[in-house]
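Single-structure report; data block below.
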Amino acid sequence: MQWIEFANCEILRCNKSIIYPIFGWSDLNKEEFDRDNKKIKENLMLIEKELEKNEFIAGNKMTLADIKLFASLRFLMMFHFPEQMRNKLFPKINQWFEKIMNSAEAMKAYGRTILCKNILKPFSGVINRNKGNEDDKPEEGNKKESKGKKQKQDKNHEENKKEVKEKEPYVPGLLEVPRFNIKKIENNPLDSLPESKFDLEKIKSDFLNNSNKKSAMKNFWKNYDPEGYSLWYIEYNNEPRECLTLFRTCIIKGDILEQLKYFKKYCFGVLGAYGGDGDYKIRGCLLWRGNEIPQEIKAINCFDKMTFRKLDYNQKRDQQLVHDYWTKIGEKEKVFKKPAIDARYFY
């Protein structure tokens with residue numbers, strides 16, 4: 001029971017100052033961040049000493065205390081403590097955490113947990129929309145005048161809050177949990193198109209299993225059927241504050257791809273996050289069946305905020321664009337001078 005209380009009182013409370021700014025849920029308060037960062041390391045050393053004696057936190061069997069601590073530490077291990085730090089400062093916790101996260105029970109309850117490799121720094125430019133305007137406070141003096149001013153200012157403040165709320169840009173996956181009502185299209189018009197000899201599944205396999213992407217690219221151009229398929233450059237035109245952090249950018253990108261899960265049969269390509277803190281872009285290149293924009297793409301909830309440009313496979317510039325997006329998917333690669341931070345094949 002003491003470890004459950006420890007998780008609630010000493011671990012979870014640190015998420016507000018350390019994890020929330022990474023997600024963009026609150027402003028970065030450097031004083032609180034430094035204080036809680038130091039405190040969380042001290043608390044983890046207590047757990048580390050306990051795990052030096054036992055396989056699990058309360059003995060040699062997994063208990064509710066282990067599950068509670070795992071859940072409390074999960075975001076910290078995913079976004080705050082990089083691999084090198086974990087192995088150096090608390091190797092026993094690292095072993096214990098990996099054992100639980102790979103268990104069937106944890107996988108079923110939490111899904112796949114990906115441990116942090118590089119620390120994600122809180123973004124200091126997030127605006128706290130809940131703060132009032134300090135200049136609107138009434139000055140001391142005549143109480144009646146002050147009261148009248150305050151009532152007027154409160155009214156204006158409420159109207160301003162309403163106006164800000166109405167103008168607030170929608171950030172998929174951040175302000176609410178998206179619930180996409182995705183339905184598979186019955187009698188899909190793409191199935192009625194003239195038969196093509198182009199083997200999409202073979203091309204997918206070629207790119208995914210062949211370490212030599214240039215060879216896969218060469219094979220693609222050799223077999224490409226421009227009558228049955230088309231290539232498109234895609235870019236998400238984000239609001240000024242949407243793609244400031246990698247986490248928020250990947251949520252938006254993930255939401256877009258999630259809505260295309262039934263479209264994979266007809267599509268292949270790369271949609272990734274490119275750039276750096278404060279200036280991420282969601283871009284990519286997709287190949288799909290047919291020569292027009294299909295209804296699956298038009299059904300994306302942010303379709304009106306996206307740019308689509310049909311590529312001409314005869315133009316060297318467009319060939320190079322496809323080549324760059326489909327072959328440069330590593331973190332050290334750059335596409336049009338922007339690092340490919342999170343670029344993956346969509347298949």
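Here, each number is a calculation from the coordinates, and none is a lab measurement. For clarity, every value in this text was computed on a predicted model and none was experimentally measured. No Cβ is skipped: glycine too gets one built from the backbone with ideal geometry, and neighbour counts run over all protein chains shown.
Sparse packing (at most 16 other Cβ atoms within 10 Å of the Cβ) combined with a DSSP loop state is found for the following trypsin sites (Lys or Arg not before Pro) in the range 1-101: K61. Distance between the pseudo-spin-label points of Q295 and Q2 (7 Å out from Cα toward the beta carbon): 6.4 nm.
Working note: Karplus 6.51/-1.76/1.60 with θ = phi - 60° gives the range 52-57 the couplings 6, 9, 10, 5, 10, 5 Hz, where Gly and Pro are set to x.
A crude spin-label estimate for the pair K92 and E50, with each label 7 Å from Cα along the Cβ direction, gives 1.1 nm.
Starting from 0.36 nm per residue, how many nanometres of slack lie between R344 and I119 once their C-alpha separation is accounted for? Answer, rounded to one decimal: 78.9 nm.
Beyond 23 Å between alpha-carbons counts as too far, so tell me which of K121/K332; K41/K99; K39/K68; K253/K338; K197/K253 fall in that bin.
K197/K253
If r is the Cβ-Cβ distance from K332 to N219 and R0 is 35 Å, what FRET efficiency results, to the nearest 0.05? Between K332 and N219 the formula returns 0.90.
Which order do peptides 194-201, 298-305 fall in by mean Cβ count within 10 Å, highest first?
Highest-to-lowest ranking by the protection proxy: 298-305, 194-201.
How much net charge surrounds W96 when only the other residues with a Cβ under 10 Å from the Cβ of W96 are counted, with Lys and Arg +1 and Asp and Glu -1? Combined, the nearby Lys, Arg, Asp and Glu give -3.
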